[in-house]
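One structure below.
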Amino acid sequence: MTRKYACVTSVAVLATVFCVWDWAIAGSDGAKTAVPKTGQTTSYDTGDDGDLQKGAAWPSLRFTDDGATVTDNLTGLMWVKAPHSLDGNSGAQTYHDALAFCNGLDFAGHSDWRLPNVRELHSLVTYGYYYPALPSGHPFTGVRSSNYWSSTTHVGYADRAWFVYLHHGNVSVSVKSATCDVWPVRSGEWSDLTLGCFFKLSRKTGVPKMTVSPFTPFGGGDNRNCSCPMDPFLLKSVSGRNGFLETHYLRIPVSTFRLCSPLWPATFR
């Protein structure tokens with residue numbers, strides 16, 4: 001007799017308290033990665049998350065809707081816009097079936113889809129909403145307030161893996177023979193952001209001079225010692241033309257920087 005399990009969310013409450021000051025995580029190369037805001041804006045008590053709203057701000061344009069896919073401009077990850085419209089993904093799957101499904105997926109001109117790790121999957125969660133716990137105005141369709149597999153195995157129990165419960169946004173663990181929903185992801189064009197200086201460049205259509213302002217995506221560099229670039233290369237172009245305003249984003253290695261004017265004449269590629 002074969003037993004079937006569904007992912008079950010259970011919570012154990014531990015009375016442990018951590019007090020912090022403003023901080024960032026230092027990577028192996030010394031670059032600092034700011035911890036992003038949780039998305040909670042309602043305060044329930046003095047000094048709580050909604051009161052202080054600490055963390056790195058989300059991009060003003062959190063998601064770019066590319067039609068069949070959605071790029072998260074906070075992390076650079078590309079997600080399937082309507083994951084359950086994919087052939088073979090209408091229902092929940094076991095962990096191993098979920099891995100195989102994502103690894104074999106060829107969709108929207110990309111064949112490097114995969115099952116997200118637990119941090120990638122949880123990066124979509126906001127604590128300002130629930131059912132599902134996704135940011136307001138997100139462009140995804142058909143996403144369920146259910147359990148979604150991550151590719152991350154429990155370090156102490158190889159027969160179990162972590163999943164995210166999108167109803168509330170909490171993370172838990174389940175045996176791999178259980179079934180959870182599946183949401184494929186790929187690294188996109190911003191995934192390998194390393195130490196560098198990041199800029200947002202805006203101009204009115206037809207005007208050769210553009211305004212340069214710092215821009216630090218989640219996982220990116222530290223702009224405090226950055227000024228203006230020379231010999232930049234285009235990392236990602238966001239064709240967000242609101243009226244006559246064009247906005248593009250650049251990453252330039254620190255080694256190519258020098259002091260220059262706040263207004264940098266340049267042209268879009």
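Computed from the C-beta positions of Ser111 and His167, the FRET efficiency with R₀ = 51 Å rounds to 0.95.
Under a 5 Å amide H cut-off, with hydrogens placed 1.01 Å from N, Phe63 pairs with Asn73 among residues at least 5 apart or on other chains. Protection proxy ranking, highest mean first, for peptides 166-177, 81-92: 166-177, 81-92, where packing is the per-residue count of other beta-carbon atoms within 10 Å, averaged. In terms of Cα atoms, the Rg and Dmax of region 75-135 work out to 12.6, 34 Å.
Each value in this text was obtained by applying a stated rule to the coordinates, not by laboratory testing. Keep in mind the model is a prediction, meaning the values are calculated, not measured. Here Cβ is always computed from backbone atoms with ideal geometry, including for glycine, and neighbour counts include all displayed protein chains.
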